[in-house]
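What follows is a short report on a single structure.
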Amino acid sequence: MRAYELMLIVDGELDEPVAQAWTKTVTDQVATAGGRVHGSADWWGKRRFAYEINKKTEGYYVVFEILAEPGALDDLERNLRLADEIVRHKLLRLPDHEAARRGLFGEAAPVAEAG
């Protein structure tokens, strides 16, 4: 499994409970893909943008730490691109040393694949 960090910006014009429902949506889609969200989502709340994005000035920020197989999150990314409520998203693969520092791999370090 690989470690990923996903940041979402949900449309700020939505009510907060509706925006927070995206945390469950993402968690469910990650589980469907065979991965898991490490801990709980880090809800940052509503923040003002430094500049307008799609004629919007505010959005709800949420960050996830995810463990999943390579390529398992492709459908999740596609769904986020198509969702009107998501202003922006960014999925990053965390380097193994950073994932270990954050405790995503538990006690054992990941085994490097040959090849």
ask   = Which pairs have Cβ atoms under 6 Å, sit 6 or more apart or on different chains, and link a residue in the stretch 17-35 that is open to solvent by less than 70 Å² (accessible area, probe 1.4 Å) to one that is part of a helix (DSSP H, G or I)?
value = GLN29/LEU76
message = Of everything in the stretch 87-98, what is touching a Gly at 6+ places or on another chain (Cβ under 9 Å) and open to solvent by less than 40 Å² (accessible area, probe 1.4 Å)? Give them in sequence order.
response = VAL87
ask   = Assuming ASP11 fulfils every condition listed in (1) modelled with pLDDT of 95 or more; (2) surrounded by fewer than 18 Cβ atoms within 10 Å (Cβ to Cβ); (3) not hydroxyl-bearing (Ser, Thr, Tyr) apart from one, which condition is it?
value = (2)
message = Checking THR23 against (1) assigned to a helix (DSSP H, G or I); (2) in contact with a helix residue (DSSP H, G or I) (Cβ under 6 Å, 6 or more places away or on another chain): exactly one of these is not met. Which one?
response = (2)
task = Mind listing whichever residues of the stretch 40-79 are part of a loop (DSSP other than H, G, I, E, B), open to solvent by 50 Å² or more (accessible area, probe 1.4 Å) and under 17 Å from THR27 (Cβ atoms)?
result = SER40, GLU69
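The values are calculated or read from the model by the stated rules, or taken from the named source; none is laboratory data. What you see is a predicted model, and the numbers here were worked out from it, not measured in a lab. Positions of Cβ are backbone-derived with ideal geometry, glycine not excepted, and every protein chain shown enters the neighbour counts. These area figures cover heavy atoms from the full protein model, side chains too; ligands, DNA and RNA do not enter into them. Shrake-Rupley method; radii C 1.70, N 1.55, O 1.52, S 1.80 Å.
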